[in-house]
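Colleague: Before I ask anything, let me first share the structure, which is written out below as structure tokens.
Read the figures in this text as sums done on the coordinates, not as results from a lab. All values derive from a computational prediction rather than experimental measurement. Cβ atoms come from the backbone with ideal geometry, glycine included; neighbour counts cover every protein chain shown.
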Amino acid sequence: MMKSLKINWTVLVVIAVIGFFSACQPRTYIVENNQSRVVDKVYPLIDASNSRWLFFSSATRPFGMVNLSPDMDLNGAWESGYQFDKDSVKVFSHIHGWQISGIPVLPTNGEFRGHMGPEVYGSPYSHDSEVVEAGYHKITLDAYDITAELTSTKRVGFHRYQFPPTDSSYIHFDFTTMLGPSGTQSGYIEKVSDTELKGYAVMEPTIRRPKPFTVYFVADFDQPFDTFGGWEDGELLEADEIIEGENTGGYVQFSTRDNTERLMKVAISYVSTEQARLNLDTELAHWDFDQVVQDSKNEWNEALTRIEVEGGTEEEQSRFYTDLWKALQGRRTVSDVNGKYIDMTGDEPRIGQIPLNSSGEPLFNHYNSDSFWGSHWNLNILWHLAYPKISEEFVNSMLLMYDDGGLIPRGPSGGNYTFVMTGASFSPFIASAYSKGIRNFDVEKAYEGMKKNHMPGGIMAKAGYEHDTFCGGGLDEYIERGYIPFPLNEEPCGFHEDGAGQTLEYAYQDWALSEMAAGLGYSEDQDRFSKRAKNYENLWHADSTWMWVRNQNGEWKEPFDILEYGEGWVETNAAQSTWWVPHDVQGLINLMDGRENFTSKLNNAFERAREHNFTSGSAHAQETLRELRRVYVNYGNQQTQQMAWLFNYSGSPWLTQKWTREVTEKVYQGLSPETGYNGDEDQGQMGALAVLFKTGLFSVNGGAASNPVYEIGSPIFDKITFQLDSDYYTGDTFVIETRNNSDQNRYIQSATIDGEPLNKPWFYHSELADGGTLILEMGAEPNKDWGSEQDDAPPSLSEPEN
């Protein structure tokens, strides 16, 4: 198969897409309340040729602890896990998350080769017989003529295998493997009975997750197995009831008749095998596989129908719900059904307990998460709008970590701090949730933790993956000098010690904190952090009219090259970072001597970026190439996500309408395993951004203002209905209608909100929360007068200069 893939790549893509609408078309399940089957529009194979370990999903629930799927590549955080263009399945593993993995299994038969490793016992497969859906995966292992079906509850993987007739069928549990970013340090498997195993795998530390963590499991079989055995260091063992140690694995063996069906349930926990058993007994007490598939689809359908779209093509709708599906996964539940979780922030592991409600149920889930770096332009906006309960849970989850370890994290993994990326990226998340009335958390504790992070000894003082020191974040320099020099230290303390980029990020996050301080009545803090929010001005290189890098002596970096990647900029360059002032766009306009200069400079960036489709290549592997990083706009990563919306601030909202449509068409359209997000999807961030572009709603400042707003773009659908959560918002729905909308008619001619004329390209969150209708009259030519006056611009920290 690999040979044919290489010979005719285009044919493969066409076949894959056709397969989605034909052979792989999802089956029909009964759905309660006659809801539309938007879940069946999801295309899980999107970008599956470029998967990183945490990217691909099939058999999982929203934010599920279990994300069960086939793995073609096992080694490495990038280009690992499910890989569409690889020709053999190595294992089915249960966890694909940020720096976490575990419990690989595989059914086989014939001569036993489990002790030889997955490169030997893995099996070829064909996409022709594969079915991949939201909550379900079916694949045939051609080497063994075994058909495997996978589904899950939140914490339990459910397997259904069809075996051919043989006396030697097996299911392996291999604890010798590398799984994504983490090797397996050791394993333990115990035979409890001839229908049950239990045990654990200890996953090695990584450079990002500094301590090992343990995945406990319980496996139940619907029929007795004949033999339990295992191996160690590649040699078979005569096992009794326990196999344990490094480089070990285990298996069960049984006889099968023609088309024998075997079921297996694998529950996991990060606390204990007893907790894994509790998760299994609570979530999956029966053996009805099809019912679990139906339940999973119904749960996904309920989540996806929070936003309903009408109009557009079938493919556009399918891509929209695929984007939304991506925005609701990746960040994984790590607490058990009774609220127990593992805390690895101290010297020894500690079992924590989430508070319970009056019914004895945990008040929220605890989560494993990649950084919220950049999420102010995607997840923050989307979740707060359509999934406020999820936003609230994440705040409470991060406050648990604050209680346990003393800092609100950037991204926790396996109970560890990872210190992924830079800054205090969760501050805008909390501030924007608070400003939108999502406040069912300890607000004073949250503010206390946020403020601590913005002061020496807080998380801002740490660079990326700086586990033991506080010297890489440059916070002292930022406070004293008003900027962070580059280079900062003779020897780096961590990753991403890029002072200019850090300075811009901290200034925005300080502004978000100042807005929350204002809401709480802390006027001194408001003044302090709003002044720090102006530190971006200290990077303004007036002669060149770009933001630029300064050293310890205050001198500008030489040579001057705005397209140079890194070297003072975090995953970007000066040409992109100059626009990174989300809280004070008007202040940036002032620095550029007015709206006309600002608009011309920004528009020129997009004209240049059109030549390379607004990205640095079509996948992360290309984005790492130096020549593809020398660009003015990159919608394959977080750092330029706001740029197309900035024209709303400079009197040219028609250019926001133009460029958001073009970016959507080039970057976030189509259904193909070969492309989809054109870079680094980062656990739902690009999916969420695509949803916002297609609905025509955005918040350049991440909605963290004390009176937050939404800016308006150019929706691609005729009607978009947001189902508002009555626990948080007073309205039932907020509807966006576009009249006379088409690919050509992408420009707003006029607008009304709840029947009243709207002559500016933005409105308040409070107007959305009360419910209502925004109507946009569209046309083929831009109305350059609509929203173009100075008073029509969205709010900024600075006032216009005369």
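Colleague: Please specify each residue of region 225-241 satisfying the condition of being in a loop (DSSP other than H, G, I, E, B) and out of contact with any strand residue (DSSP E or B) (no Cβ under 6 Å at 6 or more places or on another chain).
Modeller: Those that are in a loop (DSSP other than H, G, I, E, B) and out of contact with any strand residue (DSSP E or B) (no Cβ under 6 Å at 6 or more places or on another chain): 233, 234, 238, 240.
Colleague: Also: Run residue 173 past the list (1) crowded, with 18+ Cβ neighbours inside 10 Å; (2) aromatic (Phe, Trp, Tyr); (3) touching a Ser or Thr at 6+ places or on another chain (Cβ under 8 Å) and report the number of the one that doesn't hold.
Modeller: Of the numbered conditions (1) crowded, with 18+ Cβ neighbours inside 10 Å; (2) aromatic (Phe, Trp, Tyr); (3) touching a Ser or Thr at 6+ places or on another chain (Cβ under 8 Å), the odd one out for residue 173 is (3).
Colleague: Oh, and also: Which condition breaks for residue 746 when tested against (1) among the basic types (Lys, Arg); (2) within 13 Å of residue 696 (Cα to Cα); (3) without any contact (Cβ under 8 Å) to a residue 40 or more places away in the chain?
Modeller: All conditions pass for residue 746, except number (3).
Colleague: Right, another one. Could you please find all residues in region 339-366 being β-branched (Val, Ile, Thr) and either within 23 Å of the chain's Cα centre (by Cα) or in a loop (DSSP other than H, G, I, E, B) (or both)?
Modeller: Selection gives 342, 345, 354.
Colleague: Return only the number of the condition from (1) farther than 26 Å from residue 52 by Cα; (2) assigned to a loop (DSSP other than H, G, I, E, B) that residue 281 does not satisfy.
Modeller: Going through (1) farther than 26 Å from residue 52 by Cα; (2) assigned to a loop (DSSP other than H, G, I, E, B) one by one, residue 281 breaks only (2).
Colleague: Please return the ranges of helices (runs of 4 or more DSSP H) entirely within region 446-562 where 3 or more residues are closer than 19 Å to residue 428 by Cβ and touching a His at 6+ places or on another chain (Cβ under 7 Å).
Modeller: Hits in region 446-562: 499-520.
Colleague: Assess whether residue 309 counts as being more than 27 Å from the chain's Cα centre (by Cα), surrounded by 21 or more Cβ atoms within 10 Å (Cβ to Cβ) and either on the phi < 0 side of the Ramachandran plot or part of a strand (DSSP E or B) (or both).
Modeller: So residue 309 does not fit the description; no.
Colleague: Go through region 289-343 and give me each residue that's more than 27 Å from residue 53 (Cα to Cα) and of a type in the set (A, V, I, L, M, F, W, C).
Modeller: Hits for region 289-343 are 307, 309.
Colleague: Could you run through region 92-124 and say how many residues are within 17 Å of residue 80 (Cβ to Cβ) and either surrounded by fewer than 21 Cβ atoms within 10 Å (Cβ to Cβ) or aromatic (Phe, Trp, Tyr) (or both)?
Modeller: Final tally of qualifying residues: 4.
Colleague: Suppose we filter 773, 730, 752 for residues that are in contact with an Asp or Glu (Cβ under 9 Å, 6 or more places away or on another chain), free of Cβ contacts under 8 Å to residues at least 60 places away in the same chain, within 27 Å of residue 515 (Cβ to Cβ) and not charged (D, E, K, R); which single one remains?
Modeller: 730
Colleague: Residues to consider are 506, 522, 536; find the one that is in contact with a Phe, Trp or Tyr (Cβ under 6 Å, 6 or more places away or on another chain) and aromatic (Phe, Trp, Tyr).
Modeller: Among 506, 522, 536, only 506 is in contact with a Phe, Trp or Tyr (Cβ under 6 Å, 6 or more places away or on another chain) and aromatic (Phe, Trp, Tyr).
Colleague: Tell me whether region 382-394 contains one or more residues that are free of Cβ contacts under 8 Å to residues at least 40 places away in the same chain and more than 20 Å from residue 54 (Cα to Cα).
Modeller: yes
Colleague: In region 244-280, which residues are under 30 Å from residue 339 (Cα atoms) and more than 34 Å from the chain's Cα centre (by Cα)?
Modeller: Within region 244-280, 244, 245 qualify.
Colleague: A further question follows. Would you check if residue 465 is in contact with a Lys or Arg (Cβ under 9 Å, 6 or more places away or on another chain) and on the phi > 0 side of the Ramachandran plot?
Modeller: yes
Colleague: OK, next. Of all the helices (runs of 4 or more DSSP H) wholly in region 596-672, which have at least 1 residues that are acidic (Asp, Glu), surrounded by fewer than 19 Cβ atoms within 10 Å (Cβ to Cβ) and out of contact with any Asp or Glu (no Cβ under 7 Å at 6 or more places or on another chain)?
Modeller: The helices (runs of 4 or more DSSP H) meeting that bar are 626-629, 653-667.
Colleague: Now a separate question. So, residue 267, is that one touching a residue at least 12 places away in the same chain (Cβ under 8 Å), among the aliphatic types (A, V, I, L, M) and assigned to a helix (DSSP H, G or I) or not?
Modeller: no
Colleague: Restricting to region 367-418, name every residue that is closer than 26 Å to residue 321 by Cα, in a helix (DSSP H, G or I) and of a type in the set (S, T, N, Q).
Modeller: 375, 380, 391 - these are the residues of region 367-418 that are closer than 26 Å to residue 321 by Cα, in a helix (DSSP H, G or I) and of a type in the set (S, T, N, Q).
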